[in-house]
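Contents: one structure, followed by commentary.
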Amino acid sequence: MATETEKTFVELINAHQRLVHKVCNLYAETADERKDLFQEIVLQLWRSYHTFRGEAKFSTWMYRIALNTAIGGWRKSSRQPYFEKMNDGHYNLGSPVEPDKEEQIQNLYKAIRQLPEVDRALIMLALEDIPYEEIAATVGLTQNNVRVRMLRIREKLKKALTHGA
Amino acid sequence: MELDELKEIWKHPSATETVWSATELLEALQGKSKSILSRIKRSIQIEITTGGIAFAILVSQIIMVEPGPIWWLMIGLLVFSASVAIYFYLKIRLVTTFDFSTNNLKNNLAVLINKLELFLKIYKRGNQWGLVVFYLLGLTAAYLEHGTDRVLEYITTAQGALLVVLYTAAIIGPVFFVDRVLHKLYGEHIHRLKIMLADFDNPTDLQNKA
């Protein structure tokens with residue numbers, strides 16, 4: 001039987017589930033790894049839930065833990081990748097996936113995955129429309145540094161997407 | 001391609017984003033963590049359990065053995081085992097005092113590397129010193145049991161010398177073995193984390209991972 005805290009936490013995670021999936025798409029390549037990372041992030045969020053005081057936005061708090069887990073805490077399994085079977089409990093988030101858009105988003109994920117881990121976090125936060133000030137605080141760089149790196153990242157992505165990721 | 005165009009693509013859901021139901025999320029909360037610190041914590045818990053069993057066996061032997069040189073040797077081993085508890089405490093404390101929510105990415109990584117390196121250092125030192133103590137205790141036990149003259153006489157024979165060599169190898173071997181295992185289990189991961197940490201200050205160029 002789930003406690004009230006567990007229920008509240010699960011509701012919050014449900015509302016921000018896409019964010020966790022995006023982190024998984026950037027730091028894990030196979031369906032198996034993505035599933036492992038998703039579970040690990042949810043677990044770490046739950047273990048740190050007592051530190052969330054509501055002063056910051058839940059999503060900001062989530063970014064920090066999800067990225068910290070993906071970058072430092074999680075270790076890829078050595079198991080062989082497998083093709084994930086879609087079951088009744090698994091369905092796509094948001095609106096139905098359009099084939100053209102799917103190719104575009106997959107190419108974007110692939111291009112971002114070619115970046116170093118730190119740059120992946122930076123571009124993800126930028127794509128989520130997070131202000132540079134907040135990105136700098138989340139990552140641990142100066143705002144100026146974030147700006148300079150973002151310019152370089154955009155160039156790299158442009159190149160990767162033009163030449164096919 | 002401009003950032004706004006990328007943002008437009010980014011907004012669209014991908015086929016790889018699959019909803020976890022509330023039931024699955026609740027199950028995930030009870031799941032087993034695969035983080036490096038959780039793995040270490042579990043291995044320490046196994047060590048503590050094994051150590052506890054060895055401690056209990058030792059105590060039962062002390063009760064049964066008549067007081068004498070060997071009995072005192074066992075008492076020495078018991079005192080040594082008690083000091084090992086401090087070693088376990090240090091190790092377990094390292095892995096239980098880490099919070100993913102308190103630091104930014106850079107500081108978090110630095111703290112994690114520091115903890116993992118300290119853990120490895122304590123592990124290696126503990127292992128080296130532990131084996132040295134066991135080595136000396138083994139030799140002392142032989143002296144106490146058979147007397148200095150008989151032991152010296154025995155180790156000058158081919159069979160005795162071979163036994164000493166094998167005994168020494170049995171003590172030194174695990175030191176190298178454990179070092180290699182630790183490097184394989186954690187050393188490579190720490191190395192990867194260090195490269196990432198260095199990347200915060202000195203960004204690397206686009207890595208060709210394709």
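The values are calculated or read from the model by the stated rules, or taken from the named source; none is laboratory data. Since the model is a prediction, treat every value here as computed from it, not as a measurement. For neighbour counting, all protein chains shown are included, and Cβ atoms are generated from backbone atoms with ideal geometry for every residue, glycine included. Accessible surface areas use protein heavy atoms only, side chains included; no ligands, DNA or RNA. Shrake-Rupley method; radii C 1.70, N 1.55, O 1.52, S 1.80 Å.
The table below gives the values:
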item	result
Label point 7 Å beyond Cα of residue B:55 along Cβ direction - residues of region B:66-85 with amide nitrogen under 18 Å	B:74-85
Two-site label geometry, residue A:15 and residue B:118: point separation in nm, points 7 Å out along Cα→Cβ	3.7
B:117, A:40, A:4, ranked by accessible area, largest first (probe 1.4 Å)	A:4, B:117, A:40
Distance (nanometres) between label positions extended 7 Å along Cα→Cβ at residue A:50 and residue B:145	5.0
Partner lysines for residue A:158 [C-alpha distance under 23 Å; skip if fewer than 8 residues away on the same chain]	A:22, A:101, A:110, B:7, B:11, B:209
Within the accessible area of region A:1-48 (1.4 Å probe), percent carbon and sulfur	48
Per-residue SASA entry for residue B:143, accessible area with 1.4 Å probe, Å² rounded to 10	80
Chain lengthening between residue B:39 and residue B:62 when straightened (0.36 nm per residue, less Cα-Cα)	4.8 nm
Label point 7 Å beyond Cα of residue B:78 along Cβ direction - residues of region B:22-61 with amide nitrogen under 18 Å	B:51-61
Residue order for B:10, B:72 - accessible surface, 1.4 angstrom probe, largest first	B:72, B:10
Contact order relative to length of region B:1-156, as percent, for alpha carbon pairs under 8 angstrom and 6 or more apart	24
For region A:35-41, Karplus couplings with θ = phi - 60° (6.51, -1.76, 1.60), whole Hz, Gly/Pro x	5, 4, 5, 4, 4, 5, 5
A:100, A:32, B:179, ranked by accessible area, largest first (probe 1.4 Å)	A:100, B:179, A:32
With DNA, RNA and ligands ignored, accessible area of residue A:64 (1.4 Å probe; Å², nearest 10)	60
Buried accessible area, chains B and A (both chains, 1.4 Å probe, Å² to nearest 100)	6600
Highest-MSF residue in chain B out of B:146, B:191, B:183 [GNM, Cα springs under 10 Å]	B:146
